[in-house]
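The numbers here are math on the coordinates, done by the rules we state, and not lab data. Bear in mind that the values here come from a model prediction, so they are computed numbers and not experimental data. Positions of Cβ are generated from backbone atoms using ideal geometry, with glycine treated the same way; all protein chains shown enter the neighbour counts.
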Amino acid sequence: MNPKCDIALIGLAVMGQNLVLNMSDHGYRVAVYNRTVSKVDQFLNSSAKGKNNICGTYSIEELVNSLTSPRKIVLMVKAGEVVDNFINLLLPHLDEGDLIIDGGNSLFSDTTRRVEELASQGILFIGTGVSGGEEGARNGPSIMPGGNSEAWPLVKEIFQAISAKVDDGTPCCDWVGDGGSGHYVKMVHNGIEYGDLQMISEAYDLLYSGLKLNHDEMYTIFDEWNRGELDSYLIEITRDIMGYKEEDGKPLLTKILDRAGQKGSGKWTGINSLELGVPVTLISEAVYARSLSSLKEERLEASKILAGVERVVDGNREEIIEDLRQALYASKIVSYAQGYMLLREAAQEYNWHLNYGSIAQMWREGCIIRSVFLEKIKEAYEANSGLKNLLLDDFFASALKESQGGWRRTVGRAVAAGIPMPAISAALAFYDGYRSATLPANLIQAQRDYFGAHTYERTDRPAGQFFHTNWTGEGGDVASTTYEV
């Protein structure tokens, strides 16, 4: 009789299969199941062939019975209703103290609900973000677990063993916090990823459309950028994409349709930022840019009707490229600053105790947004755990001061050449707004009071006192109630 398994995984798509192989490589005995049970045999007879510590099962009951107690079951299935369906299938076979882990891209509020519902039935639940794609899942992903804290000791050893490691061996996996906090951190990670991808594509557009560089020249530029402050996974793969040619010798990139897809996590980040009143402008612009790209047919029609300017950037090529590098670096700082603003507000709103330095550590390797940049974020929060905003850290404030000349020139060149740069220009607008001691919101308050009697505060009166003016002499003295967003 075969010994029982340490952990089980349901859902043998690409991520699920590679996580199983990763756990197998680290000596864990893993039971697997898939709703389409033929995929179990396909997996066992292909990439899992010869791995005696991977056990195929063909029903939920068989899967549960193959596990040591307390049972640990990972779901790698489509977010939403499918997760709930599998939980309901598992529950009749589980005992008090058993653990279900959702490793998919679930909405954090769904995870919070599941933690509470299952706790009332004596079942533990973890919602964990897993980032790194196919390669990360196989060789070491970033893992962001949160949920029922009693469950963490049950999987800590396994999760940290299979996760990515930084140079000193520290795992890119640690306990995030209660409720849906693990999936929330993954959501913000994905939002930052949206911003990074958009900003890099904007830099590419200026190089290609504005400077008319060929793909070999751009390969060299991204390769150079990947050796300095911008060293990151996404810059690295952008370099590789620039160098990839088909059999006809032409770059594959030129044959890919300019219509970007999305799976929803960037949208969730933008929606939640509006709910919490946090100005995550760069990520929101990145989401909207993908939506605009989807209007391909309309854009083709508009290109024949709407006037513009020729997409040409004139000047010293080396200076323009260096300015663009500075703009990308500065915008990246703002992107992370906005992401951490959202994490900070969420921690207060949902009563989570987040370790911001630890989150940067979890993102340092294995995940899609991994970069050398994250070490500086970790250091900033380790030096000052109460840091209000990443932009106020000495290192990042200095970096923005040094980069903003090139940043401003780059945005100006893009505007003059008619090259859209929504994320990079949004980052600059946010920076200028955040550093402004005064903003024109006083006029907005006057306008709101004029047409809707919404009241305003005065600079010559204590904060918290609200006033209404009868601007036309014809209105009354009744004011609308005030509220905070």
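Which entries in LYS78/LYS388; LYS72/LYS376; LYS78/LYS296; LYS78/LYS186; LYS255/LYS304 show an alpha-carbon gap greater than 25 Å? Write out the running numbers ahead of the final one.
Numbers: LYS78/LYS388 36 Å; LYS72/LYS376 36 Å; LYS78/LYS296 28 Å; LYS78/LYS186 16 Å; LYS255/LYS304 21 Å.
Over 25 Å apart, Cα to Cα: LYS78/LYS388; LYS72/LYS376; LYS78/LYS296.
Mean projection of the alpha-carbon convex hull of the range 149-190 over all orientations, in nm²?
Result: a mean projected hull area of 3.4 nm².
Among the chymotrypsin sites (Phe, Trp or Tyr not before Pro) within the range 29-129, which fall in a DSSP loop and have no more than 14 other Cβ atoms within 10 Å of their own Cβ? Don't skip to the answer; put the middle values down first.
Details: sites: TYR33, PHE43, TYR58, PHE86, PHE108, PHE125; in loops: TYR58.
Here the sparse-neighbourhood loop sites are TYR58.
Among all the lysines, which ones have a C-alpha under 20 Å from LYS250's C-alpha, if same-chain residues fewer than 8 places away are not counted?
The reachable lysines, counting only those whose Cα sits under 20 Å from LYS250, are LYS212.
For the range 82-173, report the % of Cα-Cα distances exceeding 24 Å. Spell out each step's value before the answer.
Working: 1000 of 4186 pairs.
For the range 82-173, the share of Cα pairs beyond 24 Å comes to 24 percent.
Subtracting the Cα-Cα distance from 0.36 nm times the residue separation, let me have the gained length for THR36 to LYS255 in nm, one decimal. Could the numbers behind the result be given before it?
Working: separation 219, 0.36 × 219 = 78.84 nm, distance 3.53 nm.
Length gained between THR36 and LYS255: 75.3 nm.
Give me the extension gain from LEU292 to ASN470: residue separation times 0.36 nm, minus the current Cα-Cα distance, reported in nm with one decimal.
Working: separation 178, 0.36 × 178 = 64.08 nm, distance 4.29 nm.
Contour length minus the Cα-Cα distance gives 59.8 nm.
Compute from the Cα atoms of the chain the Rg and the Dmax, the latter being the longest Cα-Cα distance, and quote both in angstrom.
25.6, 91
Nearest 10 degrees, 0 to 90: what angle lies between the long axis of helix 265-276 and the longest principal axis of the chain (Cα atoms)?
60
Show me 35-42, 167-174, 301-308 ranked by packing, highest mean number of other Cβ atoms within 10 Å first. Please list the in-between numbers first.
Details: 35-42: 13.5, 167-174: 16.1, 301-308: 8.1.
With the highest mean Cβ count within 10 Å placed first, the list reads 167-174, 35-42, 301-308.
Any chance you could list P(r) for the range 332-485, counting all Cα-Cα pairs in 5 angstrom bins from zero, rounded to whole %?
For the range 332-485, the binned pair fractions read 2, 7, 13, 14, 13, 13, 12, 11, 9, 5, 2, 1, 0 percent.
Once you put a point 7 Å from the Cα of THR220 and another 7 Å from the Cα of GLN404, both along the Cβ direction, what distance in nm separates them?
The modelled label-to-label distance comes out at 3.4 nm.
Can you divide the C-alpha Rg of the range 1-79 by 2.2 N^0.38 Å and report the result to two decimal places? Let's see the in-between values first.
Details: Rg = 11.1 Å, N = 79, 2.2 N^0.38 = 11.6 Å.
Normalised Rg, Cα atoms only: 0.96.
Along the principal axes of its C-alpha atoms, what lengths does the range 24-151 span, in descending order and rounded to whole Å?
Taking max minus min along each principal axis of the Cα atoms, the range 24-151 gives 41, 31, 26 Å.
Expressed in nm to one decimal, what extension gain is obtained for the pair ALA119 and GLU61 from 0.36 nm per residue of sequence separation less their Cα-Cα distance? Please report the intermediate quantities before stating the final value.
Numbers: separation 58, 0.36 × 58 = 20.88 nm, distance 2.14 nm.
That pair, ALA119 and GLU61, stretches by 18.7 nm at full extension.
Which value in nm describes the separation of the simple spin-label points at LEU89 and ASN442, placed 7 Å from the Cα toward the beta carbon?
My value for the distance between the label points is 6.3 nm.
For the residue pair ASN389 and ARG311, what label-to-label distance in nm results when each label sits 7 Å from Cα along the Cα-to-beta-carbon direction?
3.3
Determine, for each peptide in 126-139, 400-413, the mean count of other beta carbons within 10 angstrom over its residues, then list the peptides with the highest first.
Working: 126-139: 22.9, 400-413: 18.4.
Going by the mean number of other Cβ atoms within 10 Å, highest first, we get 126-139, 400-413.
Which angle from 0 to 90°, rounded to the nearest 10, does the C-alpha axis of helix 215-225 make with the longest principal axis of the chain?
Helix 215-225 sits at roughly 90 degrees to that axis.
Relative contact order of the range 171-289, please, whole-number percent, based on alpha carbon pairs below 8 angstrom and at least 6 residues apart. Working shown, then result.
On the way: 83 pairs, mean separation 35.8, N = 119.
Normalised by residue count, the contact order of the range 171-289 is 30 percent.
Mean residue ellipticity at 222 nm from the helices of the chain, using -39,500 (n - 2.57) per DSSP H segment of n ≥ 4 over the full residue count, to the nearest 500 deg cm²/dmol?
Working: 19 runs with 246 residues, N = 485.
Rounded to the nearest 500, the figure is -16000 deg cm²/dmol.
Against the longest principal axis of the chain, how steep is helix 233-243, in degrees 0 to 90 to the nearest 10, with axes from Cα atoms?
Helix 233-243 sits roughly 80 degrees off the main axis of the chain.
Dipole of the range 20-119, Cα-centred, from +1 at each Lys and Arg C-beta and -1 at each Asp and Glu C-beta, to the nearest 20 debye? Can you show the working numbers first?
Values: 10 positive and 13 negative charges, 101 e Å.
Using Cβ point charges on Lys, Arg, Asp and Glu, the range 20-119 gives about 480 debye.
What fraction of the DSSP beta bridges in the chain is antiparallel, stated in percent and rounded to the nearest 5?
Numbers: 10 of 32 bridges.
The antiparallel proportion sits near 30 percent.
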